[in-house]
Structures are given as C-alpha cells and as structure tokens.
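K.L.:
Quick one: the structure is below, and I'll ask about it shortly.
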Amino acid sequence: MQFDPALIAALRAATRLVVFTGAGVSAESGVPTFRDALTGLWARFRAEDLATPQAFAHDPQLVWQWYEWRRELMRSAQPNPAHRAIAELQQRVETVVLTQNVDGLHQRAGSRHVIELHGNIWRNRCSACAAKVDCPEPHPSLLHCPHCGALARPDVIWFGESLPQTAWEEGFRHCTSAEVFFCVGTSSLVEPAASLPSVARASGARVVQLNPVATAHDALAHHVLRGPAGVILPALLQAAWPAG
C-alpha cells in the first residue's frame, strides 16, 4: 500500500496528534451503528424515540431494556486492528484519542488518553444528581441511585443533551494544538463533534480523512484514505516506522 510521502514525513516529524473516531471504527469489530441497532424487536422504533431524556421520563424501563439489548450486542466485540494501531501510535507519538463511540474498545485495545465525547455505555449515572451508579452486568431491571433514590440511566449523551463540558473543552483544546489530525470512520453529521476537523485544519493541523465512503470532511482534508481503518492504519504505521 502506497502513501503520500508528505503524510509519512508529517507523521515522523509530529509531536502532537489527535485521532478522532466514529462508529465506523467500532463497526469493524461487529458493533452495530446507533441506528443499525434498531432491528428485530426494536425495528418499530426510531433512535430518536428511545435516546432522549423525554423517552426515559415517559417509559424508563423501555429505554433501559433497549440499552441492555445494545450492551448484549457489544459484549462479544473485541478491539480490531484499527483500535490496536491507534494504541500503537500512542506509543510512538503523543496522541489523544477523541471518540464519539461509547463501547470502550479503544481502552481495551490499550489506548490511554481517550476522551469520550458521547459517554460510555458500560457506565450508569443518576438521572437526577448525576452520581455514578454501579451496575452488575447484565442487569435487565432499572436501578435506583444510592444517594438520592432517583432512577439510574446509561451514562451516554442523548438527543437534545449537551456534550460533557470537560470532555468537550479538553478535546477542543487538543484539536487546536494538533500537528496531524486523523478523522477515522465518522459520518461527519453529528454536531458539534463534526466541526472538530475544521477546527484542527483552521489551527494548522494536517488533516487525514480515513473512511470507506466519501463524507463532508473529504473537502477539507489534506489526505483522503479510502478503505477500512483496520487495513489502512496498520499499513500506514508500518510505512512510517518500518520494522527494524
């Protein structure tokens, strides 16, 4: 596999990288995308009907059961070569992983500095006081907060909710200082996260777009790599840092 020599040179010279990942990376591990998870018993629903504070207030057990079903789909998923290549990249260059995924696969692959913009499906928090609520897996029934007694909910970002302020501010700051910015497996549709490649480009980063299909981010990227992340990222690392 051949890569632009300018990209290889930029990787070797870089001291600060950001890898921004979306559902396409996890899909290569067999994790259904958010809307793909609406199959079988859930086919009659829309994601927007289940992943909102209003839906949880109206029928919390229904929403909880859907997330338990999604968790079950994810339990057998394993980090794929893209996850592992990103973890290896962190061993070579200071790299921040900025992810929209909620499955924790980056951490399981060995990545250390991971900022989760949309939360983590394996955590739960109180719907009222936001305290962490421990939960044995699996757990088909609703949980109550041990602090205030309110219902617990998955610690993920729902439609109509703002991103976690600390995660957003930290991620934004890293985008403004990155020398190379990878946009991997994201559809470029969900704001405000979809604006981050533009932020990185405006701040002087070399932007690399990696996706099997074209997205809106192709137009602003310095390099467009078309194909599966699990194939391209390991090959790119090998090209930049040949063994031996």
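The values are calculated or read from the model by the stated rules, or taken from the named source; none is laboratory data. As the structure is a computational prediction, the values presented were derived from the model and not from experiment. No Cβ is skipped: glycine too gets one built from the backbone with ideal geometry, and neighbour counts run over all protein chains shown. In case anyone asks, the SASA skips ligands and DNA or RNA and just uses the protein heavy atoms, side chains included. Shrake-Rupley method; radii C 1.70, N 1.55, O 1.52, S 1.80 Å.
K.L.:
Subtracting the Cα-Cα distance from 0.36 nm times the residue separation, let me have the gained length for residue 238 to residue 57 in nm, one decimal. Let's see the in-between values first.
P.N.:
Details: separation 181, 0.36 × 181 = 65.16 nm, distance 4.99 nm.
Computed gain between residue 238 and residue 57 is 60.2 nm.
K.L.:
Per residue of the chain, what 222 nm ellipticity follows from adding -39500 (n - 2.57) for every DSSP H run with n ≥ 4, rounded to the nearest 500?
P.N.:
-10000 deg cm²/dmol
K.L.:
Sticking with this structure for a sec: Please report the spacing between the Cα centers of the range 149-180 and the range 192-224 in Å, no decimals.
P.N.:
The distance from the Cα centre of the range 149-180 to that of the range 192-224 comes to 20 Å.
K.L.:
Choose one of 63, 181, 243: the residue whose Cα lies farthest towards the positive end of the charge dipole of the chain (beta-carbon charges +1 Lys, Arg; -1 Asp, Glu; about the Cα centre).
P.N.:
Farthest along the dipole direction, towards plus: 243.
K.L.:
On to the next question. In debye, nearest 20, what is the charge dipole magnitude of the range 101-244 about its Cα centre with +1 on Lys and Arg Cβ and -1 on Asp and Glu Cβ, if you could check?
P.N.:
180 debye
K.L.:
Give the long-range amide H neighbours of residue 98: residues separated by 5 or more places, or on another chain, with amide H under 5 Å away, using H modelled in the peptide plane at 1.01 Å from N.
P.N.:
Close amide H contacts, sequence-distant or interchain: 19, 20, 21, 115.
K.L.:
With all protein chains present, how much of the accessible area of the range 104-244 (probe radius 1.4 Å) comes from carbon and sulfur, to the nearest whole percent? All intermediate terms of the calculation are to be shown ahead of the outcome.
P.N.:
On the way: 3620 of 6490 Å².
Percent of accessible area from carbon and sulfur atoms in the range 104-244: 56.
K.L.:
Restricting to DSSP loop positions (anything but H, G, I, E, B) with no more than 15 other Cβ atoms inside 10 Å of their own Cβ, which GluC sites (Glu not before Pro) remain in the range 119-175? Each step should come with its number before you reach the end.
P.N.:
Working: sites: 161, 169, 170; in loops: 161.
Sparse-neighbourhood loop GluC sites (Glu not before Pro): 161.
K.L.:
What size of dipole, in debye to the nearest 20, comes out for the chain about its Cα centre when the only charges are +1 on Lys and Arg C-beta atoms and -1 on Asp and Glu C-beta atoms? Walk me through the numbers on the way to the answer.
P.N.:
Values: 20 positive and 21 negative charges, 75 e Å.
That gives a dipole near 360 debye.
K.L.:
Now for a separate question. From the phi of every residue in the range 201-216, what ³J(HN,Hα) in whole Hz does the Karplus formula 6.51 cos²θ - 1.76 cosθ + 1.60 yield, where θ is phi - 60° and glycine or proline is x?
P.N.:
Calculated HN-Hα couplings, in order: 4, 5, 8, x, 6, 7, 9, 10, 9, 10, 6, x, 10, 5, 9, 5 Hz.
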